[in-house]
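The next block holds one structure in the form of structure tokens; read it before the comments.
The values are calculated or read from the model by the stated rules, or taken from the named source; none is laboratory data. The structure displayed is predicted, hence computed values, not measured ones. Cβ sites come from the backbone with ideal geometry, for glycine too, and all protein chains shown count toward neighbours. All accessible areas refer to the heavy atoms of the entire protein, side chains included, with ligands and DNA or RNA removed. Shrake-Rupley method; radii C 1.70, N 1.55, O 1.52, S 1.80 Å.
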Amino acid sequence: MKSNYFKYFFILFAIGIMIFAVIKMKNDEQKKDEQPYVAKEEIVQEITELKLGVASFDSINPILSKNKNVQDITKIIFEPLMTLSSNYKLEYCLAKEWAKQNDTVYLIKLRDDKRWSDGEMFTAEDVRFTIDRLKESDSIYSSNVQHIVTVETIDDTTVRIVLNQEVPFFEYNLTFPILSSKYYSDKQFVPDIVPVGTGMYKVNEVQESSLILSKNEYYAETDNLKLDKVIITIYSSVGELYNSFKIGNIDFISTQNSNLKEYIGTIGYLSKEMKGREHDFIAFNTQNQILSQVNVRKAIGYSIDKANIVSSVYGDNYYISSFPLDYGNWIYEEQDVSSGYNIEQAKQLLVDSGWNYKNKYWQKIENYKTQRIYINFVVKASDVSRVSVAENIKAQLENQGFRINLIKASDVQYQAYLANKNYDMILCSMNLSISPDLSTFFGPGNLANFSNDEVNSIMSEVKNLKDDDKLKYDYKRLGEIYKSEMPYLSLYNSKYTVAYNMNLAGTLEPNWFYQFYNIKDWHK
């Protein structure tokens, strides 16, 4: 009996232990569920180098280089007196103030806290030195200083610039890179000498097929730069450059090539596109008997389908344009996204002006004579794409009853037409200035032989204005007159594209003047 007692006691004791263990396990699980989840901290190593590429490299010296991509990259090494914002507004850089003493004399006050990457102070002598070098060279920036007669260094931080004639918005010409005079005091001005700069980065190492840029320790915001290194690889051809981008060896490319996607595909990268500098337009000779009639000019404008031209000739790789400054310039915000194509409006304008559509032509009887709208249209014969554009326009206009004689002029003949203004219509192309100067379109001797008292008054006023609101008002009015009087018909702008690595973080706001806005915040 006693033996059975111990046996039962042992069984009950074992059961108790098991029940206790089960209860404890449940309590532990409940506590675990109630415990907030804390993720393990992920260690992300930020990549602090940017890989760029250049084809057909010539010189890192921005004054000597003829390569657009090199010039773009050198803007993070060298700085100008004045620069442009992402919406093309003029901003100070090495200069901190400028004043126009009269039509041909400018006074520039320089920053006194800038150093070259070799530690030397930036001074007025560097500005004088650079301008003198530009005047004696065939640099891409030489045109910026072509009207400068003298450069006087008043003191270390003051420069007086004297011009040989008035240059509207001359301050925009001060966007050329400045080089160090002291650095070159005992060196020849040749491509294989790597000059010092005042920009964010400096050339730290030159290898056979690459350049390594590092932070410029004398740059005021060097501690805020996220990219420690910029690697520039040199390629023998653009094709090689594009292939390198496709396989991820380059992080960023910029190009005016409207067919970029044919070379790098459409996937595996991000891109930004914007209107480029190349602007095509038609100039109407407003002194011509027929084209002096504003309704005829406007009817022609309404009869041209720009979208059709861009699609059929350029494969939609150009942007329709309505005004020379509608590429994103801060001074002109009246963006017009329509093509302006309106056949019914064109017909009504002609009818209102006494023209009749008969036998497939617009005509009217004056002094007992039948007059038709017959126009000589000039295009440069050597420019195959623009000949196609002109032929497209001729077909469109003739389909609407205008008689067009297309003149395919040789290069010499084309220049003679421009010089003598002996055309009815002419297809023109120009690289737009970085300044908002519209002298080509509205100034004396303009391509349309156009004169308007209000326009003349505005053109005289804006070149001396510093009031942003007044400038924007005046340019809005110029845009309205451009469209209502139609001395010109803007057609389209080229496309400028930047393509970049999907892992490249930061704010990218490129334009055709500068691709590296906000680069201090870029990282991967």
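Going through segment 405-438 one residue at a time, which ones are out of contact with any helix residue (DSSP H, G or I) (no Cβ under 7 Å at 6 or more places or on another chain), of a type outside the set (Lys, Arg), within 21 Å of residue 373 (Cβ to Cβ) and open to solvent by 30 Å² or more (accessible area, probe 1.4 Å)?
Listed by number, the residues that qualify are 405, 407, 417, 422.
Looking for something in contact with a Leu (Cβ under 9 Å, 6 or more places away or on another chain), under 20 Å from residue 514 (Cβ atoms), of a type in the set (Val, Ile, Thr) and in contact (Cβ under 8 Å) with a residue 12 or more places away in the chain - is there at least one such residue anywhere in segment 189-208?
Yes, segment 189-208 has at least one match.
Return the residues of segment 431-454 that are within 27 Å of the chain's Cα centre (by Cα) and more than 18 Å from residue 104 (Cβ to Cβ); say none if nothing qualifies.
Those that are within 27 Å of the chain's Cα centre (by Cα) and more than 18 Å from residue 104 (Cβ to Cβ): 431, 432, 433, 434, 436, 438, 440, 441, 442, 446, 447, 448.
Name the residue, out of 249, 257, 224, that is touching a residue at least 60 places away in the same chain (Cβ under 8 Å), farther than 24 Å from residue 200 by Cβ and open to solvent by 20 Å² or more (accessible area, probe 1.4 Å).
None of the other options fit; the residue is 257.
For residue 266, which of the numbered conditions (1) buried (at least 21 other Cβ atoms within 10 Å of the Cβ); (2) of a type in the set (Ser, Thr, Tyr); (3) not in a helix (DSSP H, G or I) fails to hold?
Every listed condition holds for residue 266 apart from (1).
Do any residues in segment 166-177 that are under 18 Å from residue 471 (Cβ atoms) and assigned to a helix (DSSP H, G or I) have Cβ atoms under 8 Å from those of residues that are open to solvent by 20 Å² or more (accessible area, probe 1.4 Å) and among the acidic types (Asp, Glu), where the two are at least six apart or on different chains, and which pairs are they?
From residues that are under 18 Å from residue 471 (Cβ atoms) and assigned to a helix (DSSP H, G or I), the pairs are 172/437.
Do we have residue 104 as under 30 Å from residue 459 (Cβ atoms) and in contact (Cβ under 8 Å) with a residue 40 or more places away in the chain here?
The answer is yes for residue 104.
Assess whether residue 406 counts as being in a helix (DSSP H, G or I) and either in contact with a strand residue (DSSP E or B) (Cβ under 9 Å, 6 or more places away or on another chain) or small (Gly, Ala, Ser) (or both).
Answer is no for this residue.
Check segment 439-456 and report whether any residue there is within 28 Å of residue 257 (Cβ to Cβ) and open to solvent by 40 Å² or more (accessible area, probe 1.4 Å).
yes
Tell me which residues, restricted to segment 332-355, are of a type in the set (A, V, I, L, M, F, W, C) and crowded, with 19+ Cβ neighbours inside 10 Å.
Those that are of a type in the set (A, V, I, L, M, F, W, C) and crowded, with 19+ Cβ neighbours inside 10 Å: 346, 349, 350, 355.
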